[in-house]
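The values are calculated or read from the model by the stated rules, or taken from the named source; none is laboratory data. Everything quoted here is computed from the prediction, not taken from an experiment. Every residue, glycine among them, receives a Cβ derived from its backbone with ideal geometry; neighbour counts consider all protein chains shown. In case anyone asks, the SASA skips ligands and DNA or RNA and just uses the protein heavy atoms, side chains included. Shrake-Rupley method; radii C 1.70, N 1.55, O 1.52, S 1.80 Å.
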Amino acid sequence: DRILQDKQRALTLLQLGQGDEALDLFAAVTARDPRDAESWFRQGGIHWERGDGPQAEKCFRRVIKLRPDLPFGHYNLALALEQQDRLAEAIESYRTAVRLKPDFAEAIHNLALLLSLEDRFDEADQVLAKGLAQHPGHSKLTAVRAEVLERRGDTQQAYETLQPLLADGAPVTMEAALTLSRFCKQVGACDKAIAMHRQILEAGGTSLHPRE
């Protein structure tokens, strides 16, 4: 039917980088069918990528109204709220996303970061401990847990948390590599710090053996 055709065309335009045209088509779909959660979701994503947090928020709230059980709706709402510096609300939306999908690594990561920014270190550590229980060795979660411990004043424990990522051949993202390098320098492990810097330079700003 016409709605399905417009959605498929909009998705193609989005993949081609033609966001304006895609947004117009998705908006036309929701004008005809306000209960089309996917088209609201796509509009929210386009607005968010443009830095328009308020419009993204409106779209993701429509998604949640239609699909309250969709963890990605709550996750993306949190991103839109975070973009507007409404961190307390973003934290609650990330919590909901994790409650609906307990193994949602990105939501766990972002939730812990925001809790840490508000100096709620124990809460952040608890969130990460549960996340790492489901994703053992997850480099981004391990790296952010080390940062939380450091901010709490436990530098040595933070370094010990990073030990599994220092093993030769361990899969490490760029974000984790930068954290590892900094901690290695702090504890005097200069050879490890140099090795991590070498990996960062060789990767050229991309992820190192991404796990996701």
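How much length is gained if the chain between Leu87 and Thr155 is pulled fully straight, taking 0.36 nm per residue apart and subtracting their Cα-Cα distance, in nm to one decimal?
So the extension gain works out to 21.9 nm.
Please work out the average accessible area per residue across the stretch 43-114, using the 1.4 Å probe convention, and give it in Å².
45 Å²
Return the aspartates and glutamates within reach of Lys65: Cα separation strictly under 18 angstrom, same-chain partners fewer than 8 residues apart disregarded; answer none if there are no such residues.
Result set, ordered by chain and number: Asp33, Asp36, Glu38, Glu57, Glu89, Glu92.
Hey, got the dipole for the stretch 46-156? About the Cα centre, +1 on K and R Cβ, -1 on D and E Cβ, debye to the nearest 20?
500 debye
Can you compute the modelled spin-label distance between Arg120 and Glu21, with each label point 7 Å from Cα toward Cβ, in nm?
Once both label points are built, they end up 4.4 nm from each other.
Would you please give the FRET efficiency between Thr12 and Asp103, computed as 1/(1 + (r/R0)^6) with r the Cβ-Cβ distance and R0 = 30 Å, to the nearest 0.05?
Efficiency computed from Cβ-Cβ geometry: 0.45.
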